[in-house]
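**Q** If you scroll down you'll find the structure; I have some questions about it.
Here, each number is a calculation from the coordinates, and none is a lab measurement. Computed from a predicted structure; not experimentally measured. Cβ coordinates were reconstructed from backbone atoms using ideal geometry, including for glycine residues, and neighbour counts include every protein chain displayed.
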Amino acid sequence: MFTPMPNGHYEIRSFGIDPVRNSAIIYGIFRGTNTGVGGPVAPTGKSLEADYVYVMKFEGDKIRHMTKIWNDGHSLRQIGWF
């Protein structure tokens, strides 16, 4: 997302660790404006603000599995991609 949104940035709002399940959860907000090339249409100049959550399962000190939870359709509509 940083090519079509070169000013894109994350703000981490919450971070939790579950040592019993060897997992971590990160909640944050991504913000950016579609001013760069690389999307399905020419840059729209529109901005997005999207909540997201990463859920990571660890095996030792390595991430074994990671899931990103976010509303991609809503996010892409905000920047005019569909």
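**Q** Kindly indicate whether Tyr10 is of a type in the set (Phe, Trp, Tyr), surrounded by 15 or more Cβ atoms within 10 Å (Cβ to Cβ) and touching a strand residue (DSSP E or B) at 6+ places or on another chain (Cβ under 6 Å).
**A** No.
**Q** Go through the stretch 19-51 and give me each residue that's over 18 Å from the mean Cα position of the chain (by Cα), surrounded by 15 or more Cβ atoms within 10 Å (Cβ to Cβ) and among the small types (Gly, Ala, Ser).
**A** Within the stretch 19-51, Ser23 is the sole residue that qualifies.
**Q** Looking at the stretch 35-55 only, could you name the residues that are in contact (Cβ under 8 Å) with a residue 24 or more places away in the chain and farther than 30 Å from Ser23 by Cα? Outline the logic, then answer.
**A** Looking only at the stretch 35-55, we keep the residues that are in contact (Cβ under 8 Å) with a residue 24 or more places away in the chain, and these are 35-41, 43-44, 46-55.
The answer is Thr35, Gly36, Val37, Gly38, Gly39, Pro40, Val41, Pro43, Thr44, Lys46, Ser47.
**Q** Can you list residue pairs whose Cβ atoms sit under 6 Å apart, with the first residue in the stretch 56-82 being farther than 14 Å from Pro4 by Cβ and the second being part of a loop (DSSP other than H, G, I, E, B)? Count only pairs 6 or more apart in sequence or on different chains.
**A** Phe58/Asn22
**Q** Another question, if that's okay. What's the number of the only condition in (1) in a loop (DSSP other than H, G, I, E, B); (2) within 17 Å of the chain's Cα centre (by Cα); (3) of a type in the set (Val, Ile, Thr) that Val55 fails to meet?
**A** For Val55, the failing item is (1).
**Q** Here's another thing I want to ask about it. I'd like the full set of residues that are farther than 21 Å from Ile29 by Cα and of a type outside the set (Lys, Arg), limited to the stretch 39-64.
**A** Pro40, Val41, Ala42, Pro43, Phe58, Glu59, Gly60, Asp61, Ile63 - these are the residues of the stretch 39-64 that are farther than 21 Å from Ile29 by Cα and of a type outside the set (Lys, Arg).
**Q** Sticking with this one: Let me confirm something: among Gly73, Gly16, which residue is of a type in the set (Gly, Ala, Ser) and either part of a strand (DSSP E or B) or surrounded by 13 or more Cβ atoms within 10 Å (Cβ to Cβ) (or both)?
**A** None of the other options fit; the residue is Gly16.
**Q** Moving to a separate point now. Say whether the condition of being farther than 17 Å from Phe82 by Cα, of a type in the set (Phe, Trp, Tyr) and surrounded by fewer than 13 Cβ atoms within 10 Å (Cβ to Cβ) is met by at least one residue in the stretch 52-63. It would help to see each step written out before you state the result.
**A** Filtering the stretch 52-63 for residues farther than 17 Å from Phe82 by Cα gives 52-63.
Now narrow it down to the ones that are of a type in the set (Phe, Trp, Tyr): 52, 54, 58.
From the residues that got through so far, the ones that are surrounded by fewer than 13 Cβ atoms within 10 Å (Cβ to Cβ) too are none.
Checking the stretch 52-63: not a single residue is farther than 17 Å from Phe82 by Cα, of a type in the set (Phe, Trp, Tyr) and surrounded by fewer than 13 Cβ atoms within 10 Å (Cβ to Cβ).
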